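Participant: Pasting in a structure now, in structure tokens, and then I'll have a few things to ask.
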Amino acid sequence: MSAKEKFTSLSPAEFFKRNPELAGFPNPARALYQTVRELVENSLDATDVHGILPNIKIVIDLIDENRQIYRVNVTDNGIGIPPHEVPNAFGKVLYSSKYVNRQTRGMYGLGVKAAVLYSQMHQDRPVEIETSPINSKRIYSFKLKIDINKNEPIIVERKSVSNNNGFHGTSVSIYIPGDWSKAKPRIYEYIRRTYIITPYAEFIFKDPEGNVTYYPRLTNKIPKPPQEVKPHPYGVDREEVKIMINNLKKDYTLKEFLINEFQSIGETTAEKLLELSGLKGSKKVKSLSEEEITKLVEVLKKYEDFRAPSADSLSVIGEDLIELGLKKIFNPEFVAAVSRKPKAYQGHPFIVEAGIAYGGSIPVSEEPIVLRYANKIPLIYDEKSDVIWKVVEEIEWKRYGIESDQYQMVIMVHLCSTKIPYKSAGKESIAEVEDIEKEIKNTLMEVARKLKQYLSEKKKEEEAKKKLLTYLKYVPEVSRSFAVFLSNGSKELISKYQSEIEDELFRIISKKLNLTDIEEYRKMYKVDSE
Ligand SMILES: Nc1ncnc2c1ncn2[C@@H]1O[C@H](COP(=O)(O)OP(=O)(O)OP(=O)(O)O)[C@@H](O)[C@H]1O
């Protein structure tokens with residue numbers, strides 16, 4: 001037996017080609033769903049993040065029946081991609097415009113490349129991209145593949161035509177082996193849930209069976225786009241500080257570096273930090289030794305008086321739009337939403353928002369319908385391993401007026417952050433970070449209190465209604481007594497008065513009780529006035 005092992009290295013592209021399940025591509029059904037997701041999320045990032053109302057078109061065609069190869073095409077009206085960036089954006093794993101301190105759906109620089117790798121593993125057509133940046137005079141088209149060994153793009157074809165109609169945006173087509181019948185419910189659910197959280201977007205979806213679904217824009221109100229912000233001192237480690245220093249274009253002193261490159265550090269705080277670390281503020285930051293960087297980062301982590309991380313980098317949906325989306329899709333009897341103040345975990349700002357829809361056309365089921373969102377992405381798979389599900393399960397819904405074991409309720413939770421702690425690169429579930437878990441619980445309890453108030457008012461009203469209904473049966477008796485009293489014994493007058501008083505009493509009660517079927521009650525309680 002040989003004890004020798006052979007050592008080699010893998011390029012990131014080869015790593016994800018070997019382990020496609022890590023990026024959400026374990027089988028053809030999931031691959032089809034994941035491809036739609038990656039393309040739609042890139043399109044939305046190219047629109048709403050830049051203040052553009054999104055128009056998204058999704059078309060899936062079966063182009064090779066024998067081999068079950070589908071073409072997934074997604075077109076947007078976004079900011080487009082500069083032509084010199086297209087090859088790397090689609091052909092180099094871990095290349096992205098999203099590695100900045102700002103909330104976006106994309107985060108890893110992997111999604112679309114994972115789809116291209118999966119595509120390349122199973123068929124030979126390249127990925128096709130057409131794009132035109134805002135104000136560009138030309139529309140650029142590319143056909144690309146990935147050189148898996150080198151993790152570099154291979155340009156199969158590159159063209160451009162003149163842009164006569166002022167088009168801006170991007171259209172991407174990827175050829176992928178798929179399983180439409182299995183993926184179908186998930187893809188429809190994904191689009192529906194995306195629509196709930198982006199009611200300011202318009203979607204058109206054509207599926208491979210030829211069905212076209214139009215999701216109209218419900219509002220022109222677009223959430224405030226996120227701003228890029230400097231890192232918060234709690235959120236950096238020593239390697240990140242080293243990278244920041246290496247990338248510096250200016251020859252800063254340590255003090256200038258602290259003030260200019262971090263949020264929450266001004267003149268006074270910088271002085272305090274320098275004193276605590278024993279480092280000289282006048283020292284050139286590029287000349288700091290490894291030990292000095294360690295000392296600096298230790299002080300940044302320990303210092304307790306920093307302002308909380310800025311929430312300018314975040315973009316919430318807001319209570320109005322959450323309620324609008326839930327109302328439109330579920331037609332519930334009651335809806336409420338809460339968007340909380342920013343909080344932070346490990347130096348990363350985050351905001352939790354939640355909505356509850358109750359009753360109406362929501363189907364009854366053993367468990368509430370839970371809609372999980374992270375940075376406006378709906379999370380569909382791995383529901384039970386998500387921290388949101390855990391919190392929903394822990395809440396005693398009976399305390400909030402849900403008395404039955406059957407639920408007719410939709411619970412929506414949205415976490416936004418510059419860093420979502422996903423459990424995997426497939427972005428389907430959120431890890432249990434204590435601060436986030438606590439905040440999800442507080443948000444859900446706050447919105448559940450609104451539901452409780454509604455349900456208790458509804459219960460009170462129903463009880464009052466029941467009571468008043470019992471009074472209805474006395475109406476003929478009471479009217480008759482009054483009529484006798486008023487008529488001085490005249491028989492004709494008795495029946496005239498009785499019917500007038502009865503009419504008036506029924507009218508008052510029906511108005512008070514909001515009854516639509518008052519005639520039914522009248523028949524029920526009619527007594528012969530003769
Ligand atoms: N429709 C589009 N419009 C504009 N830019 C796009 C579009 N699609 C892709 N891009 C660019 O390509 C880059 C790479 O996309 P990719 O899906 O690989 O990763 P990502 O979105 O950055 O991160 P993640 O892996 O988390 O999805 C994006 O960061 C973006 O700059």
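The values are calculated or read from the model by the stated rules, or taken from the named source; none is laboratory data. Source: prediction; values computed, not measured. For neighbour counting, all protein chains shown are included, and Cβ atoms are generated from backbone atoms with ideal geometry for every residue, glycine included. Note: areas computed on protein heavy atoms with side chains; ligands, DNA, RNA excluded. Shrake-Rupley method; radii C 1.70, N 1.55, O 1.52, S 1.80 Å.
Participant: Using only protein heavy atoms and a 1.4 Å probe, report how much of Met445 is accessible, in Å² to the nearest 10.
Facilitator: Approximately 50 Å² of Met445 is accessible to the 1.4 Å probe.
Participant: When only C-alpha pairs under 8 Å and at least 6 residues apart count, what is the relative contact order of the chain, in percent?
Facilitator: Computed value for the chain: 12 percent relative contact order.
Participant: Here's another thing I want to ask about it. How big is the gap, in Å, between the Cα center of region 151-217 and the Cα center of region 411-445?
Facilitator: 27
Participant: State, to one decimal in nm², a quarter of the convex hull surface area for the C-alpha atoms of the chain, i.e. the direction-averaged projected area.
Facilitator: Its Cα hull, projected and averaged over all orientations, spans 39.1 nm².
Participant: Quickly work out the Thr253-to-Lys458 label distance, labels modelled 7 Å from Cα along the C-beta direction, and quote it in nm with one decimal.
Facilitator: 6.6
Participant: Next question. Evaluate the distance, in nm, between pseudo-label points positioned 7 Å from the Cα of His84 and of Val364 along their respective Cα→Cβ axes.
Facilitator: Between His84 and Val364, the label points sit 6.5 nm apart.
Participant: Using only the alpha-carbon atoms, how far is helix 28-45 inclined from the longest principal axis of the chain? Give it as 0 to 90 degrees, nearest 10.
Facilitator: For helix 28-45, the angle is close to 90 degrees.
Participant: When the Kirkwood hydrodynamic radius is evaluated over all pairs of different C-alpha atoms of region 144-250, what value in angstrom, to one decimal, is obtained?
Facilitator: One decimal place: 19.8 Å for the Kirkwood radius.
Participant: Another question, if that's okay. In whole Å, what are the extents of region 280-331 along the principal axes defined by its C-alpha atoms, from largest to smallest?
Facilitator: Taking the Cα atoms of region 280-331, the three principal extents are 62, 23, 17 Å.
Participant: Can you give the log10 of the normalised intensity I(q)/I(0) at q = 0.12, 0.19, 0.25 Å⁻¹, computed with Debye over equal Cα scatterers of region 88-184?
Facilitator: -0.46, -1.02, -1.24
Participant: Would you mind working out the magnitude of the charge dipole of region 87-223 relative to its Cα centre, with +1 at each Lys and Arg C-beta and -1 at each Asp and Glu C-beta, to the nearest 20 Debye?
Facilitator: 400
Participant: Based on the alpha carbons, how large is the Rg to Rh ratio for region 305-353 when Rh follows Kirkwood?
Facilitator: Taking Rh as the inverse mean 1/r over Cα pairs, Rg/Rh reads 1.14.
Participant: For Glu463, tell me the accessible area in Å² from a 1.4 Å probe, rounded to the nearest 10.
Facilitator: Probe radius 1.4 Å; accessible area of Glu463 about 100 Å².
Participant: Now a separate question. Separation between the Leu94 and Glu209 pseudo-spin-labels, each 7 Å from Cα along Cα→Cβ, expressed in nm?
Facilitator: My value for the distance between the label points is 4.2 nm.
Participant: With no solvent and one equal point scatterer placed on each C-alpha of region 1-147, evaluate the Debye formula and give log10 I(q)/I(0) for q = 0.16, 0.19 Å⁻¹, two decimals.
Facilitator: Cα-only, vacuum Debye calculation for region 1-147: -0.91, -1.26.
Participant: Given charges of +1 on the Cβ of Lys and Arg and -1 on the Cβ of Asp and Glu, with all other atoms neutral, how large is the dipole of region 278-317 about its Cα centre, in debye to the nearest 20?
Facilitator: I would put it at about 220 debye.
Participant: Go ahead and estimate [θ] at 222 nm for the chain from helices alone: -39,500 (n - 2.57) per DSSP H run with n ≥ 4, summed, over the residue count, rounded to 500.
Facilitator: Counting only the DSSP helices, I get -12500 deg cm²/dmol.
Participant: Relative to the first principal axis of the alpha-carbon coordinates of the chain, what is the inclination of helix 290-302, with its axis defined by its Cα atoms, in degrees from 0 to 90 and to the nearest 10?
Facilitator: Taking the Cα atoms of the chain, the angle to 290-302 is about 10 degrees.
Participant: On alpha carbon coordinates alone, what is the Rg over Rh value for region 6-80, Rh being the Kirkwood radius?
Facilitator: Result for region 6-80 is an Rg/Rh of 1.10.
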